[in-house]
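> So that we are looking at the same thing, I have put the structure below in structure tokens.
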């Protein structure tokens, strides 16, 4: 099919729109694309530009609709399919996105961008081996590209090739020293390697990284950089997830020891719990009016300012159960709490726990929150507390009555550590930095025992290992 040819004015307008796209002026580019499409709806590039601009502004459903229209008008353009794959990927349509990238590559086998997008998606869906092949094909086509080096480093981390990843990050940063995404990912690799001083410094790039879009930097007071705190008021600011806040609330006691009055901002589910935490004088939700303070400090910046190293991590046990959090008392046998689903890890299923649930002499209690909790009720033999879990103070009250928590990497693991409750963690093959690179322990939580996955997507052998350990724990009394 011959491409539709617009008039000269439309060509000039769309050429200008492409320039605006490249300059990041997406709203202007979108407006031009839509105007031309409205005047000449048969011109595919107008729909393409309007679609890409919508996607760059995060409106991926609109982007898909417009890009599909462009492809309907001119189906042989690799760039159309590549961008369609990007938006479908953002919408979680992984299979469709993979087909789009593969169609783009069939049309243009040397499109390094499509190879890179395919590699990122393959890593996301768990095919790290094919992801590595794809990103190396992209790099062969564009060997000096720092972003591609950073992408390969991320994939090497999934292959547990830490030293290779660190080397690639360092090469990439020599080429692109202002690339926040590379700095942010490099920080995680450094922390995983135990190189904390460098890792905390690199972590300050997080404010410019995609990962931190939407995290406020409207600080209510000067950011603390180590000034004397005696007689001063300081607010610790939660940044993102529950797990990070629960891990770093321990620093309140350190600030208190420096003579400060210490407050913390947090999400409402944590407020009651944090008000009772060691070193905390007050806690409030971020959107509420803060009291006047002399300094504030984002939680993730505390380890840098305080010079935290593997040997100087503050004591984990800093949480207590607020009075009146939960009236019930759990009394039966050896009590084990269970959590098997979270926001970041969805490849572990309740059914994977069956060898553990078969261990005799254990009273299992589900502390799972959300839709997954119904699975424990349906199976039977596991006491389900989900209807009571209104905030983390309630979860803490229940957890404090457990002899042991068995969990995936989720916020409840950090809650257990802060309460001093022993926990066993199903540790993914691509574990988060705080669980370290190897071994069964972490310096962040002395009461934790890590059971590491050996093969991506396979948990059966890890569950059997944990079941044997649980039987031994019971036998040893």
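> At what distance in angstrom do the alpha carbon centres of the stretch 413-461 and the stretch 45-97 lie from each other?
Each part's Cα centre sits 40 Å from the other's.
> How do 113-119, 64-70 rank on mean C-beta neighbours within 10 Å, highest first?
113-119, 64-70
> Still on this structure: How far apart, in nm, are two points set 7 Å out from the Cα along the Cα-to-Cβ line at residue 22 and at residue 106?
For the pair residue 22/residue 106, the computed spacing is 3.1 nm.
> Something else: If you average over every viewing direction, what projected area does the convex hull of the Cα atoms of the stretch 298-368 give, in nm²?
8.5 nm²
> Could you calculate the FRET efficiency of residue 329 with residue 7 from 1/(1 + (r/R0)^6), where r is the beta carbon distance between them and R0 is 56 Å, rounded to 0.05?
E between residue 329 and residue 7, to the nearest 0.05, is 0.10.
> Separate question: Out of these labelled values of log10 I(q)/I(0) by the Debye sum over Cα atoms at q = 0.07 Å⁻¹, [x] -0.46; [y] -0.63; [z] -0.42, which was calculated from the coordinates shown here?
Computed from the coordinates, log10 I(q)/I(0) by the Debye sum over Cα atoms at q = 0.07 Å⁻¹ corresponds to [x].
> Mind sorting 112, 169 by how few other Cβ atoms lie within 10 Å of their own Cβ, fewest first?
The fewest-first ordering by Cβ neighbours comes to 112, 169.
> Is it possible to state the helix-based mean residue ellipticity at 222 nm for the chain, with each DSSP H run of 4+ residues giving -39500 (n - 2.57), the sum divided by total residues, to the nearest 500 deg cm²/dmol? What is it?
The helix contribution divided over the chain gives -14500 deg cm²/dmol.
> Please arrange 412, 359 by how many other C-beta atoms lie within 10 Å of their C-beta, fewest to most.
Fewest-to-most Cβ neighbours within 10 Å comes out as 359, 412.
> Another question, if that's okay. Could you state the per residue volume, in Å³, of the convex hull enclosing the Cα atoms of the stretch 334-476?
Given the Cα convex hull of the stretch 334-476, per-residue volume reads 105 Å³.
> Moving to a separate point now. For residue 217 and residue 39 in one chain, what is 0.36 nm times their gap in residues minus the Cα-Cα distance, to one decimal in nm?
59.9 nm
> Can you pull the Rg over Rh of the stretch 233-305, Cα-only, Kirkwood?
0.91
> Expressed as an acute angle from 0 to 90° and rounded to the nearest 10, what is the orientation of the C-alpha long axis of helix 146-158 relative to the principal long axis of the chain?
Rounded to the nearest ten degrees, it is 40.
> What's the angle, to the nearest 10 degrees (0 to 90), between helix 180-192's Cα axis and the longest principal axis of the chain?
In the chain, helix 180-192 runs at an angle near 30 degrees to the longest axis.
> Can you sort 256, 472, 124 by how many other beta carbons sit within 10 Å, fewest first?
Lowest to highest Cβ neighbour count: 472, 124, 256.
> With an 8 Å Cα cut-off and a minimum separation of 6 or more residues, compute the relative contact order for the stretch 334-476 in percent.
Taking the mean separation of contacting Cα pairs over the length of the stretch 334-476, I get 23 percent.
> Ok, one more. I need the shape label for the stretch 141-251. Rule: rounded when a/c is under 1.5, else prolate if a/b > b/c, else oblate, with a, b, c from the alpha carbon gyration tensor.
Prolate is the answer for the stretch 141-251, as a/c is 1.5 or above and a/b outweighs b/c.
> Could you please state, rounded to a whole Å, how far the C-alpha centre of the stretch 265-283 is from the C-alpha centre of the stretch 116-172?
Measuring centre to centre over Cα atoms gives 40 Å.
> On a full-extension model of 0.36 nm per residue, what is the gain between residue 227 and residue 438, subtracting their alpha-carbon distance, rounded to one decimal in nm?
Length gained, residue 227 through residue 438: 72.3 nm.
> In addition: Could you tell me what percent of the DSSP beta bridges with both partners in the chain are antiparallel, to the nearest 5?
Here the share of antiparallel DSSP bridges comes out near 5 percent.
> Report, to the nearest 10°, how far helix 460-476 tilts away from the longest principal axis of the Cα atoms in the chain, using its own Cα long axis and a range of 0 to 90°.
10 degrees
> Starting from the coordinates of the alpha-carbon atoms of the stretch 1-130, obtain the Kirkwood hydrodynamic radius over all distinct pairs and give the value in Å to one decimal.
Mean inverse Cα-Cα distance, inverted, gives 14.8 Å.
Every number in this text was worked out from the coordinates using simple rules, so none of it is lab data. This structure is a prediction, so every number in the text was calculated from the model and none was measured. Heads up, the Cβs are rebuilt from the backbone with ideal geometry, glycines too, and the neighbour counts pull from every protein chain shown.
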